Each structure stands twice: as C-alpha cells, then as structure tokens.
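The values are calculated or read from the model by the stated rules, or taken from the named source; none is laboratory data. The model shown is predicted, which means the values in this text are computed figures rather than measured ones. Because the Cβ atoms are built from the backbone with ideal geometry, glycine has one as well, and the counts that use them run over all protein chains shown. Each accessible area value is taken on the protein alone, full model and side chains, heavy atoms only, with ligands, DNA and RNA left out. Shrake-Rupley method; radii C 1.70, N 1.55, O 1.52, S 1.80 Å.
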Amino acid sequence: MQVIRQVHHMARLAQAFKRAGKTLGLVPTMGALHDGHMSLIRAAHRQTQVTVVSLFVNPLQFGPKEDYARYPRDLRRDLNLAKAGGCDLIFAPDASQMYPGGFCTFVEVEGLSDRLEGASRAGHFRGVTTVVMKLLHVVQPSVAYFGQKDYQQALLIRRMVKDLNVPVAIRLMPTVREPDGLAMSSRNAYLTSEERRHATVLYRALCAAKARIRAGERNPRRVVEAMRELLRRARAVRVEYLAVADAATLEPLKTLRREVVVLVAARVGSTRLIDNLLVGVS
Ligand code: AMP
C-alpha cells in the first residue's frame, strides 16, 4: 500500500491506473477509521480494482467554534486498518496541498444545503462539496463510496455529480452500529462513559419512530413528538433537530408516503452526534 501526500503525485498515479484500464474506487474519509469506514473500504476493494482511501481532516467543513483542532488523528493506526481492508493507495494531503495560497473557488449545492445539518452548521456543506469535488477530480474514480450515516451529505454529493456531470457512480453503504445501536462515529471517542450510555437513546428514538410509522402513523408531527418525548427523558442529551422527510429530496412532508428518512442531531454532553433511519411507507 502506497501513501501519497501530494496532489500532483496522486493525480499522476490515478491517471496511470486508468490508462492501464483499471477501475478506481474512492473512499473519502477524515481518518480516525472505525468499522463504518471499513465497510466502505471493503466494498471498494470488492467492487473496483484499485482502492483509494483519502485521509484528510478538511478545515473547510468545520465552523470556527467546532472541533477541527481536536478532531482525532492517528495516521499510523489508520494506515494499518486501511491496508487490512484492502486499500491500495492512501491519499493523505495536508491542508496546504488541498488549499494552497490564493484558493478561492467553492462548490455549493443550493437549497438542499440549507436545511437540517446545513441550518445547524453554516458553511459545512460548502466545505464538504468543495473537498469532495476536488478529490473526485484528482483521483477520477469510477465509484465513490459514502455512508448512510451522513445521509444529507450523500444526497448533496449525488446532486452535485449529477448537476455538474461528474462521471462517477456514488454508492451509499448502510450505517454500521455498535452492538447497542449507537452509530459508529469518530466523534464517539469524545464521549465520557456516562455520556456513551445516554447516547444510545438516539437510536432508540429512531427505532421508536420507525415502529410508529410501521404501525400506521402517517402524521410526521406526531412521529417527531413521540421521539422528542423519549429524548426529553435522557439527561445530558440536548436535541438540535428531529425531522421526518422525503428520503429522495429531504423535503418536509404533510403526510408520510413512499420512503421517508427519520433524522436526529443532538448534543450528548458537548459532543454533537447525528443519526438517521430509512423507513419504507407501504
Ligand atoms: P468521516 O470520516 O466521518 O468524514 O466519514 C467518512 C465516510 O464514512 C462518510 O461517507 C461517512 O458517511 C462514512 N461513515 C461514517 N460513519 C459511518 C458508519 N457508522 N457507517 C457507515 N458509514 C459511515
């Protein structure tokens, strides 16, 4: 497994593989790899001939008061895990490689970027779409892999590649969870053991919402209220948003139909966590 630090080096290698007729799979990550990332890496390894994993804590997607400086970083551990998952090339640029002096071009998906996560984290999605577009240009993969855990992000990226005619297939992989249901996240490492216990209520609230919808509830307000009630009882958990939306567009619905996504963002202590579940409405 090769570790590449420079953009021009990564681009040259990727072009050489493409000229040799190989398909490339890209897994963009911010490192601190866990089993969620590993499921993406393994899928890329199974489905494409050259697996590229990017490790880059992207300063552009963090707000000024967010955790950019203390975001967990452990390159050696990440390299070992990525290699075990079948990664062929690691792309680990530093910020000055990705954003050299004078950088001033950004990619923005309008509308969809403003809701939910976008409303809570101003500028976040502009940072995400800009870095993903750069990675897609540098690596030129046939397939790029994303997790359902960041559902709105995945929809935005699908929209971006469609709107800008980027020749890549976007594949969405299911959320990998801890045995008690908590969605795996690099930020789970911030939780104290007490907060970690409380954090399971997020998944339980999503499951309760799913059960209600399955039992016939079609009013999204009542679904959200039931979740809010459950979450109110958990000390140390502060809800940022709860929503039930159309799974394809994230538009709010008056009556639940087709496929919906139930979403939650909450602070557990000072750690911000998000999660979601897809629910088919018969
Ligand atoms: P991150 O390093 O948090 O930026 O995540 C990199 C990729 O891994 C994104 O596409 C995430 O959606 C995906 N991911 C993160 N956590 C999980 C999880 N628990 N299950 C599946 N995919 C995940």
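Note on the range 1-135: Cα-only Rg and Dmax are 15.5, 45 Å.
If you fit an axis through the alpha-carbon atoms of helix 220-232 and take the longest principal axis of the Cα set of the chain, what angle between them do you get, 0 to 90°, nearest 10? Compared with the principal axis, the helix lies near 90 degrees. A straight Cα-to-Cα reach below 15 Å connects Lys149 with the aspartates and glutamates Asp35, Glu117, Glu178, Asp275, residues fewer than 8 places away in its own chain not being considered. Restricting attention to the range 47-115, which chymotrypsin sites (Phe, Trp or Tyr not before Pro) occupy a DSSP loop and are surrounded by at most 16 other Cβ atoms within 10 Å? Sparse-neighbourhood loop chymotrypsin sites (Phe, Trp or Tyr not before Pro): Tyr68, Phe103, Phe106. Against the main long axis of the alpha-carbon atoms of the chain, helix 7-19 sits at an angle near 80°. Considering only Cα atoms, the convex hull volume of the chain works out to 134 Å³ per residue. For the chain, the longest principal axis of the alpha carbon atoms and the long axis of helix 151-163 meet at an angle near 50°. Over the chain, Cα pairs under 8 Å with separation of 6+ residues give a relative contact order of 17 percent.
A simple count of charges around Thr48, restricted to other residues whose Cβ falls under 12 Å of its Cβ and scoring Lys, Arg +1 and Asp, Glu -1, yields +4.
Kindly provide the trypsin sites (Lys or Arg not before Pro) of the range 27-126 that DSSP labels as loop, not H, G, I, E or B, and whose Cβ sees at most 11 other Cβ atoms within 10 Å. In loop regions of the range 27-126 (DSSP not H, G, I, E or B), the sparsely surrounded trypsin sites (Lys or Arg not before Pro) are Lys65, Arg70. Based on the reciprocal of the average 1/r between different C-alpha atoms, the Kirkwood radius for the range 186-277 equals 13.4 Å. Working note: Karplus 6.51/-1.76/1.60 with θ = phi - 60° gives the range 175-192 the couplings 5, 8, 10, 5, x, 8, x, 4, 5, 5, 7, 4, 6, 4, 5, 6, 6, 6 Hz, where Gly and Pro are set to x. Put the Cα centre of the range 233-282 next to the Cα centre of the range 111-145 and the gap is 20 Å.
Per residue of the chain, the DSSP helices (runs of n ≥ 4 H) give a summed -39500 (n - 2.57) that works out to -12000 deg cm²/dmol at 222 nm. Solvent-accessible area of the range 186-277 (1.4 angstrom probe, protein heavy atoms only): carbon and sulfur portion equals 48 percent.
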